[in-house]
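The values are calculated or read from the model by the stated rules, or taken from the named source; none is laboratory data. Nothing here was measured: the structure is a model prediction, and the numbers come from that model. Cβ placement follows ideal geometry from the backbone for every residue including glycine, while neighbour counts extend to all protein chains displayed.
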Amino acid sequence: MSAAAAVRTEEDTLHWLALSLTAGLGPRKARELLTRYGSPNAIFRASASELESFGLHSGTARNLASGVAFEEAAAQHERLKQAGAVLIPLDDPLYPEQLREIYDPPIALFAKGRVELLETVMVAIIGSRRATAYGKAVSQKIAAELCAAGVTVVSGMARGIDTAAHEASLQAQGGTIAVFGCGLDLVYPTENRKLAARIALDGLLLSEYPFGSPAYPQNFPVRNRIISGLSAGVLVVEGAQYSGSSITARLALDQGREVFAVPGNITSGMSYGPNLLIRQGAHLVLQTSDILDELPEDARLRLASSRKEREEPAQQELPYGEAPAATKELAKRVVKLLRPDTPTALDDLLEALPGTSASETIAVLFDLELMGLVKQLPGKCYVMVW
């Protein structure tokens, strides 16, 4: 821990906020200034001419010298406190070392939730917003198993694969980090507001963008460098050839991270991205151990030192208790007919169960949903929970 970080005052926090909010100053130039001057406080004491001589644009130099960003910094500081969020500047001991080492790390991170997750081994799970049932099932299974191994799952809380990974991590009572492409107070997509609230309690919300920042499309490719930068490895589950997932995978390679991909049906456009990555040398993933075994040695050692002995869960017996034998038998038949990767319509299920009434089958499906063994999808379709 640096001495500056250990004794940071409210004034220091305001200087960090003002530095990150100064118009025209990107993360790379800000880091160069910090290297030269040592702290944001010293940067703001420099004159405009001195800052220009360092290579800053005249307008940016004047913005710094005049301190015009301090009014907004004070407003952001108040919003941080009201939201129960914190600022994690570049020199803070909580700032992840692996993120600090990338080419253009954020000057500061806005964080809400379990900030201690930033000290854990992290793996990103990313993929298409238009995920298939197969993609969601794979994402959920691997996310839950990574959490069981002590890994924190990182993603971008987009629709599809990201949402499935976050939800499975929470259900497994593991750690998950959602990296926003907007301010922490503006959840995007809006249908994930409840998910964001759950992550704020049991996981961590993270952004380099101040409160009130809209979800501009250009923010998300920039945000992706944080997702990969935090992580020891990045897993691509589904995605088209030129998708955001492919961008993140390229960033991960540039940052020296391990890249993993789940193979998919070659006739599916959503599998083109990961299949291409595998052809280009990404680690092919058939099971979660394929990821754990290829993580960097330091990450594997950290997991091994903190992980308790885990046994493979025994085959789950349908917990019907004193239910009639016929009901138990029907439940077993239904489970055998369902797949985790392909939805089965109720009509097709009924057709495959001759001699069984619709009411009996629907009742058993309802019971299986309550047990967490079956999930209903839109259009009266069902999949087995993998």
Scan the stretch 209-221 and give yes if some residue there is surrounded by 20 or more Cβ atoms within 10 Å (Cβ to Cβ), over 30 Å from Ala74 (Cβ atoms) and in contact with an Asp or Glu (Cβ under 9 Å, 6 or more places away or on another chain), otherwise no. no
List the residue pairs whose Cβ atoms are under 9 Å apart, where the first residue sits in the stretch 33-45 and is closer than 12 Å to Leu90 by Cα, the second is surrounded by 17 or more Cβ atoms within 10 Å (Cβ to Cβ) and of a type in the set (Val, Ile, Thr), and the two are 6 or more positions apart or on different chains. Leu34/Ile43; Leu34/Ile107; Pro40/Ile107
Filter result (out of contact with any strand residue (DSSP E or B) (no Cβ under 7 Å at 6 or more places or on another chain) and either under 28 Å from Asn275 (Cβ atoms) or among the hydroxyl-bearing types (Ser, Thr, Tyr) (or both)) within the stretch 99-120: Ile102, Tyr103
Contact list please: Cβ distance under 9 Å, first residue in the stretch 192-208 and closer than 13 Å to Gln171 by Cα, second residue aromatic (Phe, Trp, Tyr), pairs at least six apart or on different chains. none
So, of the residues in the stretch 73-105 that are touching a helix residue (DSSP H, G or I) at 6+ places or on another chain (Cβ under 6 Å) and closer than 18 Å to Ser228 by Cβ, which turns out to be surrounded by the fewest Cβ atoms within 10 Å (Cβ to Cβ)? Asp104
Options Gly183, Gly212, Gly150, Gly156: the member that is touching a helix residue (DSSP H, G or I) at 6+ places or on another chain (Cβ under 6 Å) and either at pLDDT below 95 or more than 22 Å from Asn275 (Cα to Cα) (or both): Gly150
Taking only the stretch 353-375 into account, find how many residues are outside any helix (DSSP H, G or I), without any contact (Cβ under 8 Å) to a residue 40 or more places away in the chain and closer than 16 Å to Ala168 by Cα. 2
